[in-house]
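Okay, so here's the structure we're looking at.
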Amino acid sequence: MKYQFVIILLFPLMALGQNLTGNVLGLNQSGKYDPLPGASLHWLNTETGTVSDTSGKFSIPYVGNSSQIVVSYVGYADDTLTVRQDVRFMNIVKRTLMSTDSVVIKAKISGSSVSSINPQFQESLNQRELYKAACCNLGESFQSNATVDVSYQDAASGAKQIRLLGLSGIYSQIITENTPAMRGLATAYGLGYIPGPWMERIDIAKGASSVLNGYEGLTGQINVEYKKPEKSPRLYLNLYGNQMSRTEGSLLYATPVGKKKNFHTMTMLHGNIIPMMMDRNKDYFADEHLQKQMAVHHRWTYFDDKGLEFQLSVKHLEEKREAGQVMAHGDGFHIDNPYLIGIRTKRTEIMYKNGWVNIKKPYQSLGLSVMGVLHNQKSSLGNNLYKGKEENIAAKLVYQTIIDNTNHTLRTGVSYVFDNFDESYNQNQFLLKESIPGVFGEYSFKHLEKFDLVAGVRADYHNLFKMIVTPRLHLRYQPFEKTILRASAGRGTRVAHIFADNPGLLVSGRTIQIDSPLMPENGWNYGVSAQQYLEILGKEARVLVDFYRTDFSNQIIADREDATLLRFYNLNGKSFSQIFQIEGMIEPVEGMEIKAAYKWNQVMAQYESGFKAVPFTPRDRGLLAFTYKTPSEKWTFDLTGNYTGKSRIPSLEKNPAATERAEVSPAFFMLFGQVTYSFPLFDIYLGGENLTNYTQKSPIINVGNPFENTFDATMVWGPVYGIMGYAGLRWTIKK
C-alpha cells in the first residue's frame, strides 16, 4: 500500500491572526472522517511544529515566509503541503490508495497521554491502559492512574468510591460522551454501571470543568467515551473470572446499515455474577458480596456529507447485590438472625444527540443533546430500609462560531435540567423536585502556539435556590517548545443527596441526625500545573507537576466523630482540600514504559468538635507502574504498585474498650500484576490483585452484635480481602 495526505478543504479567512488551525482527519471504510490524534505537523526547514490533540485539532503559528507544511502520522508516508499565508483554517484528510506495494509500519502507543494543547489539564486513558485492569467496570479502571484514587465505601456492601484532588467523587462530574451519568441516585453504585469492555477511552480533566457541562464539577471531570458503532470491530467478546467466584462476559456487535454505510448500529451486552458470599477473614461477614448484573446498550449513529449527524442510544441495567453476615459456616456455627444487606436497582437511560457542521464554514456548528433517566433503587441494611426513585431530563443546545478569525472562538447555548427525587429512609420521606433552566457562554483565545485562554460563565435559575452563577477560567502558556504551564480557577455548586452521596455510612448502628435546612454545597477551585518533556539517556521522558486547592463556602458535613451518631449539617467555618502531585514517565528501552508518581493531600474541615483532617484521606500516596511489550508484540507484562499513607480515623473513645480502634491508620502497599499473550484473533490474560496479600484486620467494629448502636462497618481504610487471581479472554473479529 501507498499512503498520502490530501487537502480536501482550504478555507481562507482574511484575518489578522497569524495561526494556521484545523483538523487532521482520516477517511474510514464507512466514508466518515475520523479525527487522527497525535499527528505531527511542522513547517519545512524550521523547528516550529505541533501535534494534533485527542480530537485531531491542531494550531501552528506561521513562521517567516514558510509556505510548506510537513504532515506525519504513524502508518502513513510524510506529506508536504503548500499553504498560502492568508489561509487560517484547513482540514487535512488521510486517504488510502491501493497498489501492489505493501508497507508495514509499527508504533508503540502509550496507555495514557496528557494533552499538550488543551488549556485545561486533561489526561486520556485509552484501550491499552484499560486492558491493564482486565475488567470490569469504570470503578476498577484507575489502579494504574495516579490522579484518581479508588477505595471501598464500607466493609460489607462492596461498593467502590473515587477521590479526585483529595475530595470525594461527588465533587467531580462523571459523564458519558459529555452527557450526565453519575449524579443523583447513581452516585452510590454508578461506577459499576459502565462495563470496562464498553469503554473506548476515559478523559480525566483536573480543576473546574467547562461551563458547557453544568455548574457542578468542582474538582474535575471524568468523561467516558463508549466504543463507536462506525469504528468498532464487527464482533468483540470479553470473558473474565476470578478466584472469588466472580464471572463476567461482554459481547459487542457493530454493523453498518444500507449501501451508503453512513448509518451504523451497535449492540453491547454485559452480564456478571458473583454466586456466593465468601468470608476469608472469618469474621462471619462476607468479604465479597453476592451480585447479579445485566446490562444492554443499543446505539444508532448517522452522518452525511452535508455536515449532519445524529446519535440515539438506549441503555437498561438491572442489578442485585446481597451482602452481610454469612448465615452458615463449615465449623457448624449458624446465625439465626443475620445482619443482611440487599440492594435492588433498575436504571434506564435514553440519549439523543443531533449535530450540524457548516461545510462551507467548518468553524460553525450547532449541537443538541437530550438525556432521560429513570432510576429505581430499594435497599435493606440490617433493620433499615431505603427506597429511592429519580426521574431526570437534561437538555443542552450549543452553538459554536468564531469572532473575526479562528484565534477567537465562541461557544454559547442554553440548557435545562429537571430532577424529581422521591427518597425514604425507614419512616421518613424526602421529596425534592428541581427545575433548572440555564444559559452559558465560553470564549477561547489562541495566540500562536504560546498562549491559550478559555473563559466561561453560566447562569442557572434553580426553582428552590434561585440564581446560581458559575464563572471559570483556564490559561495555557508554552514559553519553550517542551515546557507547558497551566492555571485555572472556577466555582462549582451542587445540591447534596445525603443518602445517595453516603451509602457506605449507612452500614452501621449509628443514629442518623439531619440538621435542616441543608443548603447547596459550593466552593472555588484553583490550580497550576507544569508539563515538561525531557531527554534522558537519549530517551524522551515526561514530568508533570501540579498543585490544586479547593475552598468551600458551604459543604454538607457528614460528622461521625460521635461513635453512635451520624450527623449531617451545613459547614460552619472553613473546609478546604489542597494537593501536590508530581509524576514522571520514561521509556528506557523499546517496548518498556515506567511511570512513577507521588501525591500529597491535605483535606481539612470544621467539625462541631474542632477543625480536623477529613477521615480516611491519606496524606501521602504513591504509584509505580511498569509495562513491557516484547518485540514480537505477543507478550505484554504489566506490574503496578500503589502506596497508601496514613489517614485519620474518627474517634471511638466513647465506645466500650472491645470496640475501640486506633486513631490513625497504618500505611500499606498493594501490588497488581498481569500477563497477556496475543494471538492473531484473540488475547488471553492472567493476573492478580493485592499480590502483597495485605488486609485490614477486623475492619468491622462490634462484628458480633450488628444490631447494637456500636456496630460499624464504615471504618474502612484498607483492602478487606487478600490476594486475588483472575484470568480472561478477549476475542475480536474485525469488519
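Scanning region 295-312 for residues that are surrounded by 18 or more Cβ atoms within 10 Å (Cβ to Cβ) and β-branched (Val, Ile, Thr) yields one hit, Thr301. From the list Ala205, Ala286, pick out the single residue that is under 22 Å from Gly688 (Cα atoms) and among the small types (Gly, Ala, Ser). Answer to the selection: Ala286. Would region 281-300 turn up any residue that is out of contact with any Asp or Glu (no Cβ under 6 Å at 6 or more places or on another chain), aromatic (Phe, Trp, Tyr) and within 16 Å of Arg730 (Cα to Cα)? There is no residue in region 281-300 that is out of contact with any Asp or Glu (no Cβ under 6 Å at 6 or more places or on another chain), aromatic (Phe, Trp, Tyr) and within 16 Å of Arg730 (Cα to Cα). Is it true that some residue in region 578-595 is small (Gly, Ala, Ser), outside any strand (DSSP E or B), under 30 Å from Thr630 (Cα atoms) and touching a residue at least 60 places away in the same chain (Cβ under 8 Å)? Yes. Sub-7 Å Cβ pairs linking a first residue in region 328-355 that is more than 25 Å from Phe707 (Cα to Cα) to a second residue that is at pLDDT 90 or above and part of a loop (DSSP other than H, G, I, E, B), at least 6 apart or interchain, are Arg347/Tyr193, ordered by first then second residue.
Only residues that are surrounded by 24 or more Cβ atoms within 10 Å (Cβ to Cβ), assigned to a strand (DSSP E or B) and hydrophobic (A, V, I, L, M, F, W, C): list them for region 145-201, please. Matches in region 145-201: Leu164, Leu167, Ile174. Test of understanding: among Lys446, Lys450, which residue is under 28 Å from Ile117 (Cα atoms) and crowded, with 16+ Cβ neighbours inside 10 Å? Sole residue among the options that is under 28 Å from Ile117 (Cα atoms) and crowded, with 16+ Cβ neighbours inside 10 Å: Lys446.
Of the residues Val357, Val398, Val373, which single one is in the same structural domain as Arg510 (by TED's automatic domain parsing), hydrophobic (A, V, I, L, M, F, W, C), closer than 30 Å to Arg476 by Cβ and modelled with pLDDT of 90 or more?
Numbers: Val357 fails: modelled with pLDDT of 90 or more; Val373 fails: closer than 30 Å to Arg476 by Cβ.
Of the residues listed, the single one that is in the same structural domain as Arg510 (by TED's automatic domain parsing), hydrophobic (A, V, I, L, M, F, W, C), closer than 30 Å to Arg476 by Cβ and modelled with pLDDT of 90 or more is Val398.
Within region 382-417, the set of residues being farther than 30 Å from Arg321 by Cα and among the aromatic types (Phe, Trp, Tyr) comprises Tyr399, Tyr416. The set of residues from region 342-388 being assigned to a loop (DSSP other than H, G, I, E, B) and within 24 Å of Leu431 (Cβ to Cβ) comprises just one member, Asn383.
The values are calculated or read from the model by the stated rules, or taken from the named source; none is laboratory data. Just so it is clear, the structure is predicted and the values come from calculations on it, not from any experiment. Cβ sites come from the backbone with ideal geometry, for glycine too, and all protein chains shown count toward neighbours.
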